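**Student:** First the structure, then my questions, so here it is.
The values are calculated or read from the model by the stated rules, or taken from the named source; none is laboratory data. Just so we're clear, the structure is a prediction, and the values are computed from it rather than from any experiment. When we count neighbours, we look across all protein chains shown, and the Cβ atoms used for this are built from the backbone with ideal geometry, even at glycine.
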Amino acid sequence: MSGRVSAEPQPFVFPHRHLLGIEGLSRDDIALLLDLAESYIALNRRAEKKLDVLRGRTLINMFFESSTRTRTSFELAGKRLGADVINMSTSSSSIKKGETLIDTALTLNAMQPDVLVVRHPDSGAVRLLSNHVECAIINGGDGSHEHPTQALLDALVIRRHRGRLAGLLIAICGDIMHSRVARSNIHLLTIMGARVRLVAPPTLLPAAIERMGVEVHHDMHRGLADADIVMMLRLQTERMQGSFVPSAREYFHFYGLTYEKLAVAKPDALIMHPGPMNRGVEIDSVVADDITRSVILEQVELGVAVRQACLEVLARNLPGIGHNR
Ligand code: ASP
């Protein structure tokens, strides 16, 4: 039998029941998700976008914090894979009537959904929920902890432009302290062999962040020097208790991305931002809209493909779908 080449498609295995964060994923897990997402990009550009990978399955989006792109993106991803998609937000949930998060989850779980996408203002809330349900859970952003699908879509955009992640120098700038996007990106990029620099005022950097294997700078000119990618973050005032920056104007002066600060990065450095953007606070409008450098809208586009990949791998681990495409 040796030497026979099988024509069977190779089964792919994602050895996790949930996607709670990037921490805990392996290089292979990440590569699997990115490769699969890649295959959805072309599909999403076609007039006919539907597949039936998730036909008969139910996806519930449970968002306890506001969201435009993440919720819409999961909704489109689920619908394009043929799932029934239900959206729930805090304003329409019984949490308003005093029900606990776990009771809400148990109630939804009793309706036999297959996947729950959960966004919650508290770090750790999504993991807590995952201990109480039978369905697969995807973390759509929990407090300042993790936002795994954002980091995956960022990685997909970078990989498409640069062909790789390993060896690239990526500067993540701004409000690192409150950013789940930064945390998930640090995990992903360091796992994949990129070099990560954080650039922020000391007040917006968590203590001992260097332990995550990153370099830290407080000055944009030093932090951006030779960067392949410049990733800007929003000042997340909704998570701040007290004052972390003197004023938006002063913050822009020192940390806002302008062409002048960008000049020290690689000449073709890509500009990224997870959105929503505060124009004139962390990024100059002309830089954000520069279609030769900014890939901000491509991040939104590829986000749908990444979420399709995440839904597919988790759904294939549920009983009744199987592993081969
Ligand atoms: N949309 C991203 C998040 O939910 C980034 C942000 O809100 O600034 O974390």
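**Student:** Go through HIS273, HIS218 for me and flag whichever is within 27 Å of ILE30 (Cβ to Cβ) and touching a helix residue (DSSP H, G or I) at 6+ places or on another chain (Cβ under 8 Å).
**Tutor:** Working: HIS218 fails: within 27 Å of ILE30 (Cβ to Cβ).
None of the others qualify; the one that does is HIS273.
**Student:** Of the residues that make up segment 51-69, is at least one assigned to a helix (DSSP H, G or I), buried (at least 20 other Cβ atoms within 10 Å of the Cβ) and within 16 Å of the ligand (Cβ to nearest atom)? Talk me through it step by step, then tell me what you get.
**Tutor:** So the first thing to find is which residues in segment 51-69 are assigned to a helix (DSSP H, G or I), and the list is 69.
Then drop every residue that is not buried (at least 20 other Cβ atoms within 10 Å of the Cβ), which leaves none.
No, every residue in segment 51-69 fails to be assigned to a helix (DSSP H, G or I), buried (at least 20 other Cβ atoms within 10 Å of the Cβ) and within 16 Å of the ligand (Cβ to nearest atom).
**Student:** Return only the number of the condition from (1) surrounded by fewer than 16 Cβ atoms within 10 Å (Cβ to Cβ); (2) modelled with pLDDT of 95 or more that VAL117 does not satisfy.
**Tutor:** Evaluating VAL117 over (1) surrounded by fewer than 16 Cβ atoms within 10 Å (Cβ to Cβ); (2) modelled with pLDDT of 95 or more leaves (1) as the failure.
**Student:** Please list, ordered by first then second residue, the pairs with beta carbon atoms under 6 Å, 6 or more apart or interchain, first in segment 66-77 and on the phi < 0 side of the Ramachandran plot, second of a type in the set (S, T, N, Q).
**Tutor:** Cβ pairs passing all conditions: ARG71/ASN61; PHE74/ASN61; ALA77/GLN308.
**Student:** If you take the residues in segment 148-188 that are touching a helix residue (DSSP H, G or I) at 6+ places or on another chain (Cβ under 7 Å) and without any contact (Cβ under 8 Å) to a residue 40 or more places away in the chain, which one is farthest from SER67 (Cα to Cα)?
**Tutor:** LEU165
**Student:** If you don't mind, there's one more thing I want to ask. Scan segment 184-221 for residues that are among the charged types (D, E, K, R) and in contact with an Asp or Glu (Cβ under 6 Å, 6 or more places away or on another chain) and jot them down.
**Tutor:** Looking only at segment 184-221, we keep the residues that are among the charged types (D, E, K, R), and these are 195, 197, 210-211, 215, 219.
If the condition is that a residue be among the charged types (D, E, K, R) and in contact with an Asp or Glu (Cβ under 6 Å, 6 or more places away or on another chain), then ARG197 is the only one that fits.
**Student:** While we're on this one: State yes or no: is ILE186 in contact with a strand residue (DSSP E or B) (Cβ under 8 Å, 6 or more places away or on another chain), under 16 Å from GLY141 (Cβ atoms) and surrounded by 22 or more Cβ atoms within 10 Å (Cβ to Cβ)?
**Tutor:** On the way: in contact with a strand residue (DSSP E or B) (Cβ under 8 Å, 6 or more places away or on another chain): yes; under 16 Å from GLY141 (Cβ atoms): yes; surrounded by 22 or more Cβ atoms within 10 Å (Cβ to Cβ): yes.
Taking the combined requirement at face value, the residue satisfies it.
**Student:** Sticking with this structure for a sec: What's the total number of residues in segment 176-189 that are within 15 Å of the ligand (Cβ to nearest atom), over 9 Å from the mean Cα position of the chain (by Cα) and part of a helix (DSSP H, G or I)?
**Tutor:** Looking only at segment 176-189, we keep the residues that are within 15 Å of the ligand (Cβ to nearest atom), and these are 176-188.
Next, from what is left, pick out any that are over 9 Å from the mean Cα position of the chain (by Cα): 176-179, 182-183, 186-188.
Adding the requirement that they be part of a helix (DSSP H, G or I) leaves 182-183, 186-188.
Counting residues in segment 176-189 that are within 15 Å of the ligand (Cβ to nearest atom), over 9 Å from the mean Cα position of the chain (by Cα) and part of a helix (DSSP H, G or I) gives 5.
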